[in-house]
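So the structure is just underneath, and the comments pick up after that.
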Amino acid sequence: MTTKKHASAVLMATMAATLACRQDMHDQPRYKPLAKSEFFDDGRAARPLPSGTVARGHLAEDAVFHTGKAGADFTAELPGPVTMGLLRRGQLQFQTFCSPCHGRTGRGDGMVVQRGLKKPPSFHVDRLRQTPVGYLYDVITNGFGAMSDYAAQVPPRDRWAIVAYVRALQLSQHAPLDHVPPQRRAELGRSGP
């Protein structure tokens, strides 16, 4: 009999504790975005940012680096030196994000195209070989035509690495003979490896 009383007492204490420990997080005071506020004099719940406020990690002072534009025009030069490390990073990013559509050599013959989707233009056509590098950066950032933007997936530094790699691909297919060292020019006429 005392066991029943004890069990009842434990059950009652548990129920009381459960009911007494109500958390009011769902009832906490808050404003919905763009709702009216009676607290602030201007009546707006959404508060303007204080001047000079910069979100952590989002200070984009270098406009060329973050937009690919110098003023209203696309920049013609990469915003940093072209190194082997940059080209390797660009190759890795290109193969990850770009080659499914553009193919590994940039000819627009990627696996997605082979499966029936729209073919992008080859990077080796005159129009794209002569376009400023800022344009290529802008297309990666904002998308163009059937291509979606990659701003969320590819950070700015990697976008510039991809642009540098695309320029290297373009140069590899259209390099003038005088850019080839004299001792290697004879190899260009050979077929095979």
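The values are calculated or read from the model by the stated rules, or taken from the named source; none is laboratory data. Model, not experiment: these values are computed from the prediction. Using ideal geometry, Cβ is built from the backbone for each residue, glycine included, and neighbour counts are taken over all protein chains shown.
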Practice problem: Would you point out which residue out of Tyr165, Tyr135, Tyr150 is touching a Gly at 6+ places or on another chain (Cβ under 6 Å), touching a residue at least 40 places away in the same chain (Cβ under 8 Å) and surrounded by 13 or more Cβ atoms within 10 Å (Cβ to Cβ)? | Solution: Tyr165
Exercise. May I ask you to list pairs of residues, at least six apart or on different chains, whose Cβ atoms are under 7 Å apart, with the first in the range 95-113 being over 19 Å from Arg127 (Cβ atoms) and the second being β-branched (Val, Ile, Thr) and assigned to a loop (DSSP other than H, G, I, E, B)?
Key: Phe97/Val154
Practice problem: Being of a type in the set (Gly, Ala, Ser) and touching a Pro at 6+ places or on another chain (Cβ under 7 Å) narrows it down to one of Gly143, Gly110, Gly116, so name that one. | Solution: Gly110
Quiz prompt | Members of the range 159-190 that are of a type in the set (S, T, N, Q) and modelled with pLDDT under 85 | solution = none
Quiz item: On the given criteria, is Thr131 modelled with pLDDT of 95 or more and more than 21 Å from the chain's Cα centre (by Cα)?
Solution: yes
Quiz item: Do we find that Ala17 is at pLDDT below 75 and in a helix (DSSP H, G or I) in this structure?
Solution: yes
